[in-house]
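Just below is one structure, and these are the notes that go with it.
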Amino acid sequence: MESLSNKKKVLEQKSLNLAERMYLPVIAKGLATTISHFFKKSATIKYPEQEREFSLNWRGMHSLKRDEEGRERCTACGLCALSCPAEAITMIAAERKNDEKHLYREEKYAVVYEINMLRCIFCGLCEEACPKEAIYLDGPIVPADYLRKNFIYGKDKLVEAPLEVK
Amino acid sequence: MDTNFVIEKFILVTVIFAISLVIAMYSTYAERKVAAFLQDRLGPDRAGPFGILQPLADGVKMFMKEEIIPSSSNKWLFLVGPGLAMLCACIGTAVIPWGQDITINGKVMPLQVTDINVGLLYIFGVVSLGVYGIMIGGWASNNKFSLLSAIRAASQNISYEIAMGLSIIALLLVTNTLSLKSIVEQQSSWHWNVIYQPLGFLIFMVCSFAETNRAPFDLPECEAELNGGYHMEYSSMKLGFYLFAEYINMFVSSTVMATLYFGGYNYPGMDYMATILGPFWAPLFGSFIFFMKIFAFIFFFMWVRWTIPRFRYDQLMNLGWKVLIPLAIANIVITGIVIALVNNF
């Protein structure tokens, strides 16, 4: 019968000759291989001290952006929450008061803006959906924690640091 | 009994004991580093600079672990096993000559605990006893896998001891003495026994790999088949003792190989160095050379471990009985003929 694939490998059972039974030639060959690796540079990156460079389109932790005057760009439209396939984003909107014009760019802003980092799949759809260019996934790797509740990131962790006054 | 003699020996014993324990301790570190470098990794580097405190951290971990003694085990023997393994590993170094006689304040002191005239047989005996630690531990655990592993260890040691003994007989034909001190003294400067007994050395080395249960002959502690083998039921420092005893055994057999075949503390040009360094530093420099040889052997042990896969049980027995023993016998015959020819013509 013809085999389904054309691959044919004839296995021959040969008994070992004396040199092979003593294993020494192959052992010497193996030792040469391993010692050559002894002098090779290791590929290890010592992670907490060194970091591998991320690619340009790498998506990390979210950050809520400010505009050039240092006001929060987010207007709490909810499109990010709507687009989120993992339903990780929740927010509560509020109206801007007159004395808050230097804090928020739009008349409506997010009082509470929370992302559950355990739900988030870092797909980047929120950043695509945002009409105000307010959210970007340009941060570092989200750090580990012991408690689930610590993974719900509020505005304290997400909003960019305010612009420095010069 | 001279008090000075007792004090002198006591200090020597303490120093040798401390050295062999420290070397065994840092062998665990070296093993992991060597393994890492051979596999293009870095190895432990978190505890202290370059991970130099790793053995201490491991030791603390071992002591802090919960100690479990299975209720179905034979408690007394269960406790004796690791102790015996450790004891047999430690007393082997008593007859090793660590250096030439050293002169301190005009007093000559030998760098050897005792020069008994059956030194070689003593080492052989102690090494053979080592299997009892494994055997007793494996049996007392009252566990199938441990027992199987203990049986493997025993049969492996017995098979390889024969070839080892035969390779030593060929060596004895050359040296005509069993005292390690005389054996080393005969190999002054570059007259190392390995030049006269290359085949004997090879057989001896293979057998000492098997005797110390090191890869590729680490069948007694094979994880895949035996779940870790004879120390499967052991925890805490008793497990630590078994693992530690293996490293001390490795140190002892490296020492024995360096002593018997690689000239011990001898090195080419040692007479010239002795005139430069004087009676205090020259023996110490010789000991330094000796330790370098030992470290080279320990490195070789590790290098082999991370190169060669474990033998199958039938391969192990075939190698022992059908290759090494005939080779060792052939070696004796050839050595005997050559010596007879050299002496008579």
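Taking every eigenvalue of the Cα gyration tensor of the range A:63-158, multiplying by 5 and rooting it, what semi-axes result, largest first, whole Å?
Semi-axes, largest first: 23, 14, 13 Å.
Run the numbers on chain A and let me know its relative contact order in percent, using alpha-carbon pairs under 8 Å that are six or more apart.
On the way: 204 pairs, mean separation 41.4, N = 166.
It comes to 25 percent, rounded to a whole number.
P(r) tail, the protein assembly as shown: Cα-Cα pairs separated by more than 45 Å, 39% of all pairs.
Here the scattering of chain B is modelled by Debye summation over its C-alpha atoms, one equal scatterer each and no solvent; at q = 0.12 Å⁻¹ the log10 of I(q)/I(0) is -0.93.
So which trypsin sites (Lys or Arg not before Pro) in the range A:1-40 are both in a DSSP loop and have at most 11 other Cβ atoms within 10 Å of their Cβ?
Values: sites: A:K7, A:K8, A:K9, A:K14, A:R21, A:K29, A:K40; in loops: A:K7, A:K8, A:K9, A:K14, A:K40.
Qualifying residues, ordered by number: A:K7, A:K8, A:K9, A:K14, A:K40.
Taking the C-alpha atoms only, the angle from helix B:75-91 to the longest principal axis of chain B is near 20 degrees.
A quarter of the convex hull surface defined by the alpha-carbon atoms of the range B:204-345 gives 12.7 nm² as the mean projection.
Backbone phi angles across the range B:13-23, fed through the Karplus curve with coefficients 6.51, -1.76 and 1.60 (θ = phi - 60°), yield HN-Hα couplings of 4, 4, 5, 5, 4, 4, 4, 5, 5, 5, 5 Hz in residue order; Gly and Pro are listed as x.
For the residue pairs A:K65/A:K132; A:K108/A:K157; A:K108/A:K149; B:K9/B:K181; A:K65/A:K97, the C-alpha atoms sit more than 18 angstrom apart in A:K108/A:K157; A:K108/A:K149; A:K65/A:K97.
Rounded to the nearest Hz, the phi-derived 3J(HN,Hα) couplings of the range B:48-59 under the Karplus curve 6.51 cos²θ - 1.76 cosθ + 1.60 (θ = phi - 60°) are x, x, 6, x, 5, 8, 3, x, 5, 4, 5, x, where x marks glycine and proline.
Computed over the range B:279-345, the Cα gyration tensor eigenvalues convert (square root of 5λ each) into semi-axes of 32, 29, 7 Å, ordered from largest to smallest. Note on the range B:98-137: Cα-Cα pairs beyond 15 Å make up 61% of the total pair count.
The P(r) of the range B:1-142 has a tail past 28 Å containing 43 percent of all C-alpha pairs.
Helical content alone sets the calculated 222 nm signal of the protein assembly as shown at -17000 deg cm²/dmol, taking -39,500 (n - 2.57) per DSSP H segment of four or more residues and averaging over every residue. Using the Cβ-Cβ distance between A:I121 and B:V342 with R0 = 60 Å, the FRET efficiency computed as 1/(1 + (r/R0)^6) comes to roughly 0.15. Using a 4.7 Å Cβ-Cβ cutoff, the cysteines of chain A lacking any partner cysteine are A:C74, A:C77, A:C84, A:C120, A:C123, A:C130. Shown in residue order for the range B:330-337 are the 3J(HN,Hα) couplings computed by the Karplus curve 6.51 cos²θ - 1.76 cosθ + 1.60 at θ = phi - 60°: 4, 4, 4, 4, 4, 4, x, 4 Hz (x for Gly and Pro). Measuring from a point 7 Å past the Cα of A:F39 along Cα-to-C-beta, which residues in the range B:301-317 have an amide N at less than 19 Å? Under cut-off, by backbone N: B:303-304, B:307. The mean of 1/r over all pairs of different alpha-carbon atoms in the range B:237-306, once inverted, gives a Kirkwood hydrodynamic radius of 13.5 Å. Between A:E49 and B:F295, what's the calculated FRET efficiency when r is the beta-carbon distance and R0 is 35 Å? Round to 0.05. Here the calculated transfer efficiency is 0.70.
Just checking the listed ones, B:V256, B:V22, B:V108: in the Gaussian network model of chain B with Cα springs under 10 Å, the one fluctuating most is B:V108. Among B:R305, B:R46, B:R32, the largest mean-square fluctuation in a Gaussian network model of chain B (Cα springs under 10 Å) belongs to B:R46.
Throughout, read-outs are computed from the coordinates displayed, never taken from laboratory work. All of these numbers come straight from a predicted model, not from anything done at the bench. With ideal geometry, Cβ positions are generated from the backbone for all residues, glycine too; neighbour counts draw on all protein chains shown.
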